[in-house]
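The values are calculated or read from the model by the stated rules, or taken from the named source; none is laboratory data. Predicted model, so just to flag it, every value in this text is computed and none were measured. Cβ placement follows ideal geometry from the backbone for every residue including glycine, while neighbour counts extend to all protein chains displayed. Note: accessible area is taken over every heavy atom of the protein model, side chains too, but ligands, DNA and RNA are not part of it. Shrake-Rupley method; radii C 1.70, N 1.55, O 1.52, S 1.80 Å.
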Amino acid sequence: MHDLVIVGAGPYGLSIAAHAAARGLDTRVFGRPMDSWRNHMPRGMFLKSEPWASNLSAPGRRFRLDQYCAHRGVPAEHGHPIPVDTFASYGLWFAQHAVPEPDERMITRIDAAPVGFTLETEDGQVLRSRSVALATGVLPYLHIPEALRALTEEHVTHSSRHSDLDRFRGADVTVVGAGQAALETAALLAELQARVRIVARAPELVWNSVPPPWKRPWWQRLRAPHSGLGCGWRNWFYAERPGAFRRLPERTRAAVTQTALGPAGAWWIRDRVAAGAIDIRMGRTVVEARQSAGRVRLRTVGSSGAAEDFETDHVIAATGFEASCARMSVLTPRLRSVLARSAGETPRVGRDFRSSYPGLFLAGLVTAADFGPAMRFVQGASYTAPALVGGVERHLTRQPWRGGPAVPPGRQPAPEGPIGVTSRANG
């Protein structure tokens, strides 16, 4: 019986593991370290966030990205984007130095048990833990527009499905979306001599401005402080005060979660997009897609209602991620069913990232409705990890285990059915 099993080995899972191990908890980590960064982003991409805002979290601010880069003679300077493959390598280095050795097997099923939880690995091993931290990243929540869902992966893929875009060299590719993933994917495709168009509902592309110098007069710092999510007091609040954000009225939090830090391109990708002779079609929505003689025929509609049809070889949906309880499929249906949730169907979490089910803690994108936009970025791991591990410690103290098997030998997990939960309140 473990104290804590962490499901997921990305920036959030590894950060939680570092803090849990430092506090002496019996901790196991499952998942392929930095998998989404290593295998679900095309070569040649860069981090949008500043190097100093891209640290994984360990006690004492140890094992930072700038420390890793310094050891390898790689610059990690304000205003200079870090390659994604450098960040992925940094995450592996962090895992080697700060985390109990991850088990690269995937957890396929988590269920409630008479004491704690049972977890099943992809090869059928069953483990037991007094608490679980679900830190599965964004991949379970990828979003493809409804009009494209009838197509097979031969003709439409999400942008997170590609670690290599070489297969599209010389092809005609339509990228749907207007955020960083869409714009950088389009630029990389253009540099492969693909014929590229961008289709997006937004009326125009939005570009982040060049960040001001790190060292600047005090009055400039006071007027627009730096933060891990960009300059300005609003971004500073989102980045530095997630706990205070959680105390805002739910309606306010929902509005901010839906609108803050919307689709925009980093300043350093703008010239590459312009140089790529990319066909940019803004203010248009894909309403129909069908296969046509081995290609894809798309129909888009503009704000005026005018339709436009065209054919393309492949569609890449750079359309982000949408978290919801329904997509937390690693949890059994009966466990998902008792989770308190917001109006947007995301699970509610308390001040220490505990869900409404005792001992189940959540991290990352699924907590953005409660803790704000920082939870969509690596930046949020530095707040999440110590707060969540503190919550785990409090949970273990309230429900001490005196040894012995949590489930008597030979007893099978309880059959599917309602889980007894006296309250869905979440403090």
Can you give me the number of residues within the range 20-53 that are open to solvent by less than 10 Å² (accessible area, probe 1.4 Å), among the small types (G, A, S) and at pLDDT below 95?
-> 1
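Each row is one residue, and each column tells you yes or no for (1) surrounded by 13 or more Cβ atoms within 10 Å (Cβ to Cβ); (2) out of contact with any helix residue (DSSP H, G or I) (no Cβ under 6 Å at 6 or more places or on another chain); (3) hydroxyl-bearing (S, T, Y); (4) closer than 19 Å to Q180 by Cβ.
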site	(1), (2), (3), (4)
R246	yes, no, no, no
P249	no, yes, no, no
T252	no, yes, yes, no
T259	no, yes, yes, yes
G265	yes, no, no, yes
D271	no, yes, no, yes
G276	yes, no, no, yes
I280	yes, yes, no, yes
V286	yes, no, no, no
Restricted to the range 297-306, and to residues that are of a type outside the set (K, R) and either free of Cβ contacts under 8 Å to residues at least 12 places away in the same chain or surrounded by fewer than 20 Cβ atoms within 10 Å (Cβ to Cβ) (or both), which residue is nearest to T157 (Cα to Cα)?
-> V301
Residues in the range 307-321: is at least one under 26 Å from L119 (Cα atoms), surrounded by fewer than 21 Cβ atoms within 10 Å (Cβ to Cβ) and not charged (D, E, K, R)?
-> yes
E120 assigned to a strand (DSSP E or B), open to solvent by 10 Å² or more (accessible area, probe 1.4 Å) and farther than 22 Å from S49 by Cα | yes
Selected residue (criterion: farthest from D352 (Cα to Cα)) from residues of the range 205-244 that are among the small types (G, A, S) and open to solvent by less than 50 Å² (accessible area, probe 1.4 Å) | A224
In the range 77-98, is there at least one residue being in a loop (DSSP other than H, G, I, E, B), of a type in the set (A, V, I, L, M, F, W, C) and farther than 20 Å from A266 by Cα?
-> no
Kindly provide the set of residues from the range 341-352 that are in contact with a Phe, Trp or Tyr (Cβ under 9 Å, 6 or more places away or on another chain) and touching a residue at least 60 places away in the same chain (Cβ under 8 Å), ordered by number.
-> V349
Those residues of the range 260-299 which are small (G, A, S), in contact with a strand residue (DSSP E or B) (Cβ under 8 Å, 6 or more places away or on another chain) and more than 30 Å from P83 (Cα to Cα), in sequence order = G283, A289, S292
Checking V349, V338 in turn, the sole residue that is over 21 Å from A202 (Cα atoms) and crowded, with 21+ Cβ neighbours inside 10 Å turns out to be V349
Of all residues in the range 264-289 being among the β-branched types (V, I, T) and outside any strand (DSSP E or B), which is farthest from the chain's Cα centre (by Cα)?
-> I278
